[in-house]
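Working notes, structure below.
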Amino acid sequence: MHCSRCKKKPVILKPLLCKDHFIRYFEKKVHDTVKNFSLLSNKQKVVVATSGGKDSLTCLYLLKKFGYEPTALIIDEGIREYRKKTLEDLKTFCRKFKINLIKKEFEKEFGKTLDQILNSNSKNPCTVCGILRRYLLNKYSKGFDVIATGHNLDDEAQAVVMNLLRNNSDLLFRLGPVSGNKNVDKFTKRIKPLYFCSEKEIKIYSILNKITSRFTECPYVEEAYRMKVRDFLNDYEQKKPGTKKNIIESFLSMKKNYVSETKENTYCERCGEPSASDICNTCKLIKEIKLKV
């Protein structure tokens with residue numbers, strides 16, 4: 001068996017490509033996504049929401065390689081035995097590629113680490129973390145034109161299915177290569193350069209380019225509803241290859257015909273950040289679990 005474009009040994013079976021041709025294929029896919037969806041221009045300031053994992057590091061690596069000058073922003077939730085390791089990887093990476101790194105911590109922003117918050121209440125870890133992380137990402141992306149994230153094809157297919165199962169069309173149609181409330185003041189536009197790249201492709205690319213050798217998951221991930229959807233889609237992908245790609249392509253076709261209800265931009269009465277209600281989810285959560293700000 002050899003590469004479909006030459007006679008070298010393949011590093012991946014679908015598509016059947018050797019190391020050199022796979023790297024070209026992968027980088028072209030990301031470059032085309034940035035170009036075709038107008039994600040980013042050379043004049044725009046971009047900050048990459050990073051975790052130190054393979055996806056966000058690959059996103060950071062490629063934006064740098066494509067000639068942009070990305071800044072890395074990491075939110076340290078304070079997850080024992082996990083965040084410290086990925087933070088070390090990120091610091092090493094940023095030093096190597098001369099990338100500015102901004103670090104913000106739950107403990108300094110809210111008075112407690114995520115571990116401490118969860119020890120004192122029974123809330124879903126991913127719900128708490130997601131609300132607080134999104135708040136800090138938007139807060140500390142002020143001054144940048146866009147936030148790039150490492151969301152990939154697998155992540156997005158899961159998100160589409162989850163929102164369909166929950167009958168949440170408003171959140172569903174905010175998804176895509178460009179996501180969120182793009183036309184709201186104080187909200188930094190989100191872009192996803194790896195939108196059409198599978199989890200497997202990113203892992204192989206990151207290994208071949210020595211971006212990272214650590215592939216660990218957050219210890220709280222198994223408690224997430226998303227994991228049930230992930231396992232279901234992975235199982236179906238095994239039986240019907242191309243399932244995840246088909247979900248994304250179908251979703252993007254539907255999105256073209258979706259007409260969203262025009263709503264007046266509203267902001268939280270407490271923190272002033274964009275919000276769909278008078279009080280944003282972050283401020284509601286802060287009050288409910290008695291965090292300090």
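Values quoted throughout were computed directly from the atomic coordinates according to the rules given, and no laboratory measurement underlies them. As the structure is a prediction and not an experimental result, all values here were calculated from the model. Methodologically, a virtual Cβ is constructed for each residue, glycine included, from the backbone with ideal geometry; neighbour enumeration extends over all protein chains shown.
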Given a 10 angstrom Cα cut-off, can you work out which residue in P219, P274, P177 is the most mobile in a GNM of the chain? P219
According to the Kirkwood expression over distinct Cα-Cα pairs, how big is the hydrodynamic radius of region 217-293, in Å? 16.6 Å
One computes Rg over Rh for the chain from alpha-carbon atoms, with the Kirkwood Rh, and obtains 0.96
Expected 222 nm ellipticity per residue - DSSP helices of 4 or more, -39500 (n - 2.57), all of the chain, to 500: -14000 deg cm²/dmol
Between V48 and residues 5 or more places away or on another chain, the pairs with built amide H atoms under 5 Å apart involve T71, A72, L73, A148
Working from the alpha-carbon coordinates of region 51-99, get Rg over Rh, Rh being the Kirkwood radius. 0.99
Roughly what would the spin-label model give for T127 and S38, points 7 Å off Cα along C-beta, in nm? 3.8 nm
Residue range of the chain that is longest and free of GluC sites (Glu not before Pro) which are both DSSP loop and sparsely packed (at most 12 other C-beta within 10 Å): 82-216
GNM of the chain, Cα pairs under 10 angstrom: of K65, K98, K256, the biggest fluctuation goes to K256
Here the net charge surrounding D145, from other residues whose Cβ is less than 10 Å away from its Cβ (Lys, Arg +1; Asp, Glu -1), is +3
Antiparallel bridge percentage (DSSP; both residues within the chain; nearest 5): 25 percent
Quick query: amide H of A224 versus all other amide H atoms, modeled in the peptide plane; which residues come in under 5 Å with a sequence gap of 5 or more or a different chain? none
Sorted from fewest to most neighbouring beta carbons within 10 Å, what does the list Y68, Y225 look like? Y225, Y68
For R190, what residues show an amide H to amide H distance below 5 Å, using hydrogens built from the backbone and excluding near sequence neighbours? I147, S179
Estimated distance in nm for a label pair at R80 and F232, the labels positioned 7 Å out from Cα along Cα-to-Cβ: 3.4 nm
Low-density loop cleavage sites - trypsin sites (Lys or Arg not before Pro) in region 202-251, where at most 15 other Cβ are within 10 Å (DSSP): K210, R214
Would you mind calculating the relative contact order of the chain from Cα pairs under 8 angstrom and at least 6 residues apart, reporting the percent as a whole number? 20 percent
Could you check the simple spin-label distance between N100 and S250, using points 7 Å along Cα→Cβ, in nm with one decimal? 4.4 nm
Using Cβ contacts closer than 10 Å as the measure, can you line up K186, K142, K54 from fewest to most? K142, K186, K54
